[in-house]
1. Give the average, rounded to an integer, of partner chain Cβ atoms located within 10 angstrom of each Cβ in B:107-116.
2. Based on the Cα atoms of region B:45-154, what semi-axes does the equivalent ellipsoid have, where each is the square root of 5 times one gyration tensor eigenvalue, given in whole Å with the largest first?
3. Return the average number of partner chain Cβ atoms within 10 angstrom of each residue Cβ along peptide A:397-408.
4. Per 5 Å bin, what percent of the C-alpha pairs of region B:414-516 does each bin hold, from zero upward?
5. Between the helical axis of A:643-653 and the dominant principal axis of chain A, each derived from Cα atoms, what acute angle in degrees is found, rounded to the nearest 10?
6. Let me understand region A:591-692 better: what is its radius of gyration from the alpha carbons, and its Dmax, in angstrom?
7. Spin-label point model (7 Å from Cα, Cβ direction): what's the B:Ser426 to A:Gln441 distance in nm?
8. When ranked by the protection proxy of mean other Cβ atoms within 10 Å per residue, highest first, what sequence do the peptides A:793-801, B:468-476, B:440-448 form?
Amino acid sequence: DIIPFFHRMYLQLTLVLSISLGIIQAVDRSNFKTCEQSAFCSRQRALRPGQSSYRALLDTLELSDSRLTLQLLNNNNKVRLLLELYRLQGNITRVKINELKPIKPRYEVPDVLITDPPTEPMSVVAQDERGVVLSLGGVDRRLYVNAQPFRLDIMEGPKLVLSINSRGLLAFEQLRMRKDTNDQKDTEEAGKKEDTEKIEDKASEGEEQEMEVDQPGMWEETFKSHVDSKPNGPSSISLDFSLPGVEHVYGIPEHADSLRLKNTDGGDPYRLYNLDVFQYELFNPMALYGAVPVLLSHNTHRTTGLFWLNAAETWVDISSGQVGLCGRTDGSGEVPQTDVRWISESGIIDVFIMLGPRPADVFSQYASLTGTQAFPPLSSLAYHQSRWNYNDQEDVAAVDRGFDEHDIPYDFIWLDIEHTDGKRYFTWDKNNFPQPKDMLQGLMDKRRKMVTIVDPHIKVDSSYKIHSEIRSRGYYVKNKDGGDYEGWCWPGNAGYPDFTNPEMRTWWASMFAYDQYEGSMENLYTWNDMNEPSVFNGPEVTMLKDALHGPWEHRDVHNLYGLYVQMATAEGQIRRSGGLERPFVLSRSFFAGSQRYGAVWTGDNSAEWGHLKMSIPMCLSLGLVGISFCGADVGGFFKTPGTELLVRWYQAGAYQPFFRAHAHLDTPRREPWLFGPDNTALIREAVRQRYALLPYWYLQFYQAHRTGQPVMRPLWVEYPEDVTTFTIDDGYLIGRDLLVHPVTDEGSRGVTVYLPGNGEVWYDVHTFQRHDGALHLHIPVTMSTIPVFQRGGSIICRKNRIRRSSSCMENDPFTLYVALDPQGNAEGELYVDDGHTFKHETDRQFIHRRLRFTSNTLSSSDLSPDSQFPTASWVEKVVILGAQEPKAVTLTSSGGGESSVEFEFDPVTLVLTLRKPDVNAGVDWTLQLQ
Amino acid sequence: MSLVKLLLLMSLALVMRAGAAVEIQRPRGVPLSKRQFYEEEKPFTCLDGSRTIPFDRVNDDYCDCKDGSDEPGTAACPNGSFHCTNAGFRPAFIPSSRINDGICDCCDTTDEYNSGATCQNTCRELGRKERESLQKMAEVTREGFMLKQQLIHEAKKGQEEKQVKLTEFQSTKKGLEEKVEALRTVKEIAEEPEKEAKERHLKAWEEQKELIRMEKDKARMAEAFLELDDDADGYVSVAELQSHPELDPDSDGSLTETETQGLLGGADKVDTTAFESVWSSIKGKYLLESQSDPPAPVETPQEEARDLGSDHDSDHYPEDYAGEDEDEEEDEEDDDPEEEEDKAPPTVRTPEKKEDDEMSMPPYDAETQGLVDAAQKARDDFDEAERALREVDDQIKSLEKEIGFDFGPSAEFAYLYSQCYELSTSEYVYRLCPFNRVSQKPKFGGSETNLGLWGQWAGPEDNIYAVMKYDHGTGCWQGPNRSTTVKLTCGKETVVTSTSEPSRCEYLMEFTTPAVCQEPPSLEEALHGHTEL
């Protein structure tokens, strides 16, 4: 939820205004900066491609085993930079650039990398006065350092993979003393000032001194009525990367835009600056709630990644086009190229070049740096019912009953801000929630759970324990003059805890202990909203950039704030259980590494078809940069969905990782049974499909947790050589084996689904009809259709006994769906553990099995012999798609001997159903078809 | 799984009837009514007839029948249902998915036979509670129903009274209509001579005024002559006249000799007699110049009277307001000119009063005044009769509206009409005025919010009087207009028992009233209808 309440108050205060303005329909763009309005972006963007003013001073080169350093000299102002190059394990190159001698330290982002990345030795292959050639391992991976102008080229054999500073856009605003301290009014109107810098350099090479002139907004910047005092002056950085042969780039979420990034020439760059955007617009590069500065490039030969580790406001320009083959005169024509330019307001240049070459390699490489998706409790992958707000305990009980009465499963019910005592988080409204433990016990009796919201803005109220403790411990973010920073949010005047402070985070985590958070129980989990942070009366609805987090300005750490809030909250949940239970925390804001702490959602969307469609590319983009646990508010947050849209959204949401319905306070109720029996049945069916697939979802998250591969994948990730897939973002894969193409058009009578894979086959999961790969398939749809296909060659485990909640299904048997490839083979995995503790990790208590169908034999074998977990689940049915009729089927299980298994064969659909093999899911067995 | 197999295929149902215990064997989860379809030793045919399977596949934890009928006692079929006998309470069907899910659904615990859940048999307790609550409810219903009969009786009486009243009013109305017509005629007859007499009076006054005016003019002319005749030779000469440039006919700033001669009718000088014609052409300018007072009005008194009437409706004559007494009564503003004229004779206030105090119209003579008084009385009588008619008309309308309301099949809701009921919560006082409106007022200051105006009965088709709908209340920010649904339940008292706002701006109110109490079945019947045993 976001600022409509504020709007409401405001509008009530200014009635006349509200009448003339009418209803605010969409984002008020004037609340947010364009590049032009952001002084550093505008300065940096004014710098055009050309010869770089930097040269590498080769005589300063130092090479230790795994680290190369080299000074860079700005020919214009003689400021020296220090370049550091590392070869990291797993085909990653790290490039760091900082001032050689900054007058004060520049911010380097902590807590995002999981470790100091392990390095590998580098060696100089060749060196002359023009440059140095370094070996990056492999047979022929080389890094060329060109001295004048400074440029880095990464080559593989004769092929240029990537160039750095080839367009000469390296720009590093060195920290400087303010010369004219009397003139404090350095506003944008004041215009250009006299050049008072670096007089000592004037004599030598003074032809281009442009960057040295104080430009507007260097020492103070005003946006609307907000003044950024900029006591440290200009500090921005910029660097360009050229990707020859690349036409498709992805990533850098969060933006409400297509999966494939667009050319930003002539428009604004993509912006990364975590903001609470009221009623965001689709298809534009404006910043949203979270930021992950990771960009992926892909062509049929190679996938690479760029990770720009910087938490300040960042803009990314993307420019693609055709360039002449450099150095070629044979007229072989032009090759596509994409140029990417990063601009950040402060900090240093610290970039990780992940060289792939396959998509899966890039995901592993990125995971090796920032970690993998937290392995969520199984129940959090089930259905969540939320609304701003469920009014009181009776309301919660009534909704809970409603699900049972209509036989729709759900696992979590959510309470938004109104459940608190006056927006004081960790408390309960005394009138509406007088007995929270009774309520939670009632849910626990149904094996269900609850989430309450805990936002990071703390009501300034001396009688509120949380506030007075934070204040007395000095844990609040400070304003530039050293006092506690205060801003407006839901509770009115609020303080913002400094989550960058590890002590503060430890204290915050301790607040989730059962004896601290009164009324909490082990089935209560947490939602962190407004953690951009959102400040209603701040510039761009966030914190002043000159606010202070210890020694650092908010400017330096802004995009990290949300990550830290979720980190501390997840830590609190782990601690309250003595380190035993997995946490579940949903966050609206995020940064690189946030995947380690829980789930995110796409924020305050709207009940519109466009927003339903957009949920797919938004979550796909997040998956590409490590954040797999993503979802959008089902039904749309703002406005009221029509029944068709609501049903379609449930159908789509059931096949997205985080599946939660949520609604704005001002919208009519929309619990699934309020739209007539037909629609109730449609929604029930969508939710039941989700529950049946929970074993598969759980397996995918286990894999994501282990390997960093995304759960929700663009088609190109699995079919990297099929160019048709490169721009598809209305269909996607869950793992490798399920292809989903939800219906997202009003009144749709059919959809065209692209099924990839030359020589592969796909099976409609509902009709078991088989389709060939590498073609566009038009399928007619009705309101009950959710187009989902299982890949031929895969085995998927489902639990078809849908119960009230996922916990109730714990011991239920599996049905195996064996979809044969044209060669008659299939393979899959099964993962089972207790669903909620860390024992899978600490005690190796889990089952991980390989299921393989080959040579008419289906077998289950142990993938992890050193782990064990007792399960009551068994195999009740095996459905083989694309099968032939056997004469007999024999089951052999370890310790169980041989037995005959009954079967049914449908010669029309070629579906073979094996009846009740009745073998425990945790043991070895084979089913032989004769 | 093996555990499942070990468990009895058959459940033993204890059936109490006529005090004797009978054990009837049937597969788990099958109700007595379907027992005959599950015969051991015989193959089982799915209840939808779709297929026949060996009996050992009934309740074998694998779903063979599309309709789920082969697994009444396991969770194997997605669409199955399980029957719990719940001896001591009421039997129930639960979805198969609730078998062995760790949650106790059947009070006799039979749904959790293999989940490890520890369920207590609560049927007896539930049965007791239900009986108690049914008893209580029956009590309430009985008393409520009696009250309802009274309400119906009263409503009937009230309705009859209203009907009688309406008839009375209607006949009164008829009488009044006739009276109004008669008085209108009387009024018109009385107004005719009044008008004539007043016109007469006015005309006489006009003539008299004209006479006075002419005399005054003559006097002024003589004064002017004396003044213009500087040398007092009994003539006004060109030279003498020329010394008064303000008399310049073309007002170009200079009074030439030719112009002056023109004014004197071509003569060099004029005597008092000849000056009469000169005076008529110069007096306008002369008087303007020489007098600080405005010139004598040229309007006729009749016009003045009309102006006087109209200037109350407009502000074309602000100076009149300035000159009037402050205690002038505001409610005269709507009066029409004639009335004004009658009530306030011109003598009291006319514009000329300012300059011409002596020129006020004399009071009517006795005869005229007599006619005016008579006409006024006729008008008053007529107005009064008309007012009375209007009042009766209003009463008829409101009665007809009330009679026309749908107060239920026996008008049992009629007693709620024009009543209001309040409920106080921690923040607000909610007010329900049935058939009128619902509102909400903050307890601690702030204005009342309209939560909806009476819309219609909105219960389900078979019980339309169970719900009232109020809509078109105050609008919501980005939302609909507020509306309230009032759910009516049977109670001895008429009270608002709860309010809530399930959706923003959509309120729900619970309201008890005897008017919805249904005739209670006998207690025996009530209990018997709910329990199998």
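Any read-out appearing in this document is the output of simple, stated calculations on the displayed coordinates, not a laboratory observation. This one's a predicted model, so the numbers in the text were calculated from it and none came from an experiment. Please note: Cβ atoms are built from the backbone with ideal geometry, for glycine as well, and neighbour counts cover all protein chains shown.
1. Neighbouring Cβ atoms belonging to other protein chains average 1 per residue here.
2. 41, 19, 10
3. Mean number of neighbouring Cβ atoms from other chains: 1.
4. Pairs per bin, as whole percents: 3, 13, 24, 27, 19, 10, 4, 1, 0.
5. 80 degrees
6. 13.7, 44
7. About 2.1 nm, to one decimal.
8. Put in order of decreasing packing, that is A:793-801, B:468-476, B:440-448.
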